[in-house]
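Report on the structure given below.
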Amino acid sequence: MLAIEKISMDSGVTRFIIKGRMHLGNALSDAEYDAKGLLDAGVRKLLIDLTETETIDSAALGMLIVTCSRMSAVGGKSALFGVNPRVQNVFNITHANKMLSIHETMDSALLALE
């Protein structure tokens, strides 16, 4: 099961919390739609919280890359944090760790959004 929570923080940052398993399906499509909605609403600093994300598949990886690319294309910034070893392994194998701004802590991710 996948759940998304969105929290508006200080300094224009929106925290996009992804909980559960990110896998191909309706829930992942809904998450991508939610992320696009934030972009359409003018969000330009997106903090993607993966502390409660258990696993991801290739579709989920694509969703994260597309979301971050869209943000960058409109002059915004995105940063991920809280990646567990299983998810980090997917990022490493696919070299997504070179395309995404991945941080160990929320504080370091917030600094990357400045």
Contour minus Cα-Cα distance for Ser58 and Asp107 (0.36 nm per residue): 14.9 nm
Net charge, Leu47 excluded, C-beta distance under 10 Å - Lys, Arg +1, Asp, Glu -1: +2
Segment Tyr33-His95, extension gain: residue separation times 0.36 nm, minus the distance between their alpha carbons: 19.9 nm
Distance between the stretch 1-61 and the stretch 87-114 - C-alpha centres, whole angstrom: 14 Å
Relative contact order (percent, whole number), the stretch 1-112, Cα cutoff 8 Å, 6+ residue spacing: 24 percent
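None of the figures in this text is laboratory data; all of them are computed from the coordinates on show. Since the structure is predicted, the reported quantities are computational estimates derived from the model, not experimental observations. Cβ: placed from backbone, ideal geometry, glycine included. Neighbour counts: every protein chain shown.
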